[in-house]
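This report refers to the structure that appears directly beneath it.
The values are calculated or read from the model by the stated rules, or taken from the named source; none is laboratory data. Here the structure is a predicted model, which means the values were calculated and not measured. Neighbour counts run over all protein chains shown; Cβ positions are idealised from the backbone, glycine included.
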Amino acid sequence: MSNPYRKDFPLLNQKERSKPLIYLDNAATTQKPDAVLNAMEEYYKEYNANPYRGLYDISEKATEKYEEARRITAEFIHAKDSAEIIFTRNATESLNLIAYSFGRSFLKEGEEILIPISEHHSNLLPWQQLAREKKAVLNYLYLDESGNLSEEELEAKITEKTRIVAFAYVSNVLGTIYPVKEIVEKAHSVGAVTVVDCAQSIPHYPLDVEALGVDFAVFSGHKMLGPMGIGVLYGKKALLESMPPFLTGGEMIDFVSEQEATFAPLPQKFEAGTPNVGGAIGLMEAIAYIKDTGYDKIKAAEEELTAYALDRLRELSYVTIYGEKYLKENRSGVISFNVEGVHPHDVSSLLDADGVCIRAGHHCAQPLMHYMGVAATCRASFYFYNTKEDIDSFIESLKKVRRWLGIGN
Ligand code: PMP
């Protein structure tokens, strides 16, 4: 295989039931390079200790590395101050933190929260719960016929009552890339706060929170070569300072008496309990790997793979591709499709027999499925370590599905 990155990913070089593993479920989670695995192993083998409180060498080293990971993450997304980076478990926890802490403090009855219909449940349920609790209104931005978010829709839905606009940079179902800057500017023109879910964008595209002017941004380490269990919340300092803690307990306090407590400054105020030091170290290495590789190379490789996969899928008359009409520059390497007459779960299980891993289901986006009029889809998603050979294997396996089930070619 000509792909120069594959050698760095031990799992990709394994065989699945004696066949090569074809991993095309990168939107769910990505594989980990040796550099990430080794850095985490080194931490656990050589300086594993609870950070902050230990007055001994390995605890101090653990603290230093954890804080270095925070600085590296801040630089990576162009945050002004590393205190604006809060480590969480994942994007979901980051979004819940914002809804709980910002939303419950500042949203008022009758005000509006606006999200696109394509949102992942992680960026939908926290707002749905909040709206119910505060008697606020949860409104949706609907996609146009070609699956894009039109200017007219934005114009119509962002009103003087809009207080929060929360949206994914990239859709995990359709791969649509949303116009972040335009949405942020429009939201700010009515005084709304913006929350950008970067879970599906940061593995593939750079994030500059300053240039985009976003108020909050979230993502998960595991979708960008890092480990599971570490996530990031970026928030503008003034906003984070104005918000009450989310979880309370150890590590996040300043002073505690029998009936009262004062809280630590940022970022510790939002990091109750023992942090995931190994996870933060893994994330830091993942960032280093992405930087060394270069987002330009990642994007170019994925564009080529996606165009190739779309062409090959179009050859199959019984395959429906969702969001196919998107402008090329508006889509990432996520393709949702269905095979006529076959349930997506069966497609996925049959592909698995050939060692091909894709996703099938509602992709945690049931309102979008309902809007598109389908119960579920298959989803193939690529990363820069995939190859055209992976796509050929996927297509060859897909061609067998209807034959296997005896419903045609
Ligand atoms: N948002 C989007 C767009 C996602 O694709 C996902 C993961 N599928 C999430 C949020 C949630 O990520 P996590 O499960 O890591 O919290």
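Select from the range 352-409 the residues that are exposed (fewer than 15 other Cβ atoms within 10 Å of the Cβ), in contact (Cβ under 8 Å) with a residue 60 or more places away in the chain and among the aromatic types (Phe, Trp, Tyr) and list them in ascending order.
371
Could you list, ordered by first residue, the pairs with Cβ atoms under 6 Å in which the first is in the range 82-101 and at pLDDT 95 or above and the second is within 13 Å of the ligand (Cβ to nearest atom) and among the β-branched types (Val, Ile, Thr), at least 6 apart or interchain?
The qualifying pairs are 91/218; 94/88; 94/218; 95/218; 98/195.
Name the helices (runs of 4 or more DSSP H) wholly within the range 113-232 that hold at least 2 residues that are under 24 Å from residue 73 (Cβ atoms)?
Details: elements: 125-134, 151-157, 180-189, 209-212.
By residue number, 180-189, 209-212.
For residue 190, indicate whether it is in contact (Cβ under 8 Å) with a residue 12 or more places away in the chain and crowded, with 17+ Cβ neighbours inside 10 Å. Lay out the reasoning, then the answer.
Values: in contact (Cβ under 8 Å) with a residue 12 or more places away in the chain: yes; crowded, with 17+ Cβ neighbours inside 10 Å: no.
Criteria not met by residue 190.
For the list (1) farther than 30 Å from residue 159 by Cα; (2) within 16 Å of the ligand (Cβ to nearest atom); (3) of a type in the set (Phe, Trp, Tyr), I need the number of the one condition that residue 216 fails.
The single condition residue 216 does not satisfy is (1).
Which of the residues spanning the range 44-58 are part of a helix (DSSP H, G or I) and either at pLDDT below 95 or out of contact with any Lys or Arg (no Cβ under 7 Å at 6 or more places or on another chain) (or both)? Give the steps one after another, and end with the answer.
Residues of the range 44-58 part of a helix (DSSP H, G or I): 44-47, 57-58.
Answer for the range 44-58, where residues must be part of a helix (DSSP H, G or I) and either at pLDDT below 95 or out of contact with any Lys or Arg (no Cβ under 7 Å at 6 or more places or on another chain) (or both): 44, 45, 46, 57, 58.
Exactly one condition in (1) in contact with a Lys or Arg (Cβ under 7 Å, 6 or more places away or on another chain); (2) surrounded by fewer than 20 Cβ atoms within 10 Å (Cβ to Cβ) is not met by residue 19; state its number.
(1)
Tell me, which residue of the range 79-113 that is in contact with a strand residue (DSSP E or B) (Cβ under 8 Å, 6 or more places away or on another chain) and of a type in the set (Gly, Ala, Ser) is surrounded by the most Cβ atoms within 10 Å (Cβ to Cβ)?
Let us first name the residues in the range 79-113 that are in contact with a strand residue (DSSP E or B) (Cβ under 8 Å, 6 or more places away or on another chain), namely 79, 84-95, 97-98, 102-103, 106-108, 110-113.
Still in the list and also of a type in the set (Gly, Ala, Ser): 79, 91, 94, 103, 110.
Working: 79: 24, 91: 27, 94: 32, 103: 26, 110: 11.
Result: 94.
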